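One structure is given below, encoded as structure tokens.
Quick note: the coordinates plus some simple rules give every number you see, no bench work behind them. Everything quoted here is computed from the prediction, not taken from an experiment. Using ideal geometry, Cβ is built from the backbone for each residue, glycine included, and neighbour counts are taken over all protein chains shown.
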Amino acid sequence: MCENLQYPVNKGVEASTAQSMAINIIVNGDPYEIQIKPHWTLVYVIREKLNLIGTKEHCDEGACGMCTVIVDGKPILSCMTLAATMDGKSITTIEGLAENGKLHPLQEAWVEEHGAQCGYCTPGMIMSAKALLDKNPEPNTMEIKEAMGGNICRCGNYEFIINSVHTAAKMMKGGK
């Protein structure tokens, strides 16, 4: 399940008058120094400043998991995380999974097992699944459900999503 990071509260300062600050982050292996406002969320920076639109923003309150990215190996909700807390962190988005034009096994499994229906939840689901498989390469169905419990599929495609994670786990071990 995604963890919410602690973030500083900007008391007494109007968001529109807040001064800019620089953060240094690594996104999908590439270093960036970005000027941000203290109130900007990570999902805003990823989508609007880095133009990585695979990470979705839906509920904007941490309830759906569609904005899930991996920060220093842990899945987080980027809509609930202030970008200011990310200085020095390594962030992986859905765009960072494919290498040299080849889909990551999770992405391949999602296609093979029909894990995406409308596809809107897919990036967040895949990122949560990646964090799980990095930690536990052979999860059982209950472990998959628990790890992905913070992600909602509007289409109710859960059976296919769970099958996709099992298939990806096999693919990553060299099977199937």
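Taking the DSSP beta bridges with both ends in the chain, the antiparallel portion is around 85 percent. Just need the relative contact order of the chain here, percent rounded to a whole number, with Cα pairs under 8 Å and 6+ apart. Computed over the chain, the figure is 24 percent.
From the coordinates of this entry, Cα extents along the principal axes in Å is computed, and it appears in (i) 54, 32, 26; (ii) 70, 34, 27; (iii) 67, 34, 31 under the label (i). In terms of distances greater than 22 angstrom between alpha carbons, the cross-link table entries K37/K74; K102/K130; K56/K135; K102/K145; K49/K135 yield K37/K74; K56/K135; K102/K145; K49/K135.
Loop-located GluC sites (Glu not before Pro) in the stretch 52-146 (DSSP state not H, G, I, E or B) with no more than 13 neighbouring Cβ atoms inside 10 Å: E61.
Under 20 Å Cα-Cα from K89, which aspartates and glutamates qualify once same-chain neighbours fewer than 8 residues away are excluded? Cα-Cα hits under 20 Å: E3, D30, E33, E48, D72, D134. Can you give me the relative contact order of the stretch 63-119 as a percent, contacts being Cα pairs under 8 Å and 6 or more apart? Reported relative contact order: 24 percent.
Between E159 and Y32, the FRET efficiency estimated from the beta carbon spacing at R0 = 41 angstrom works out to 0.60.
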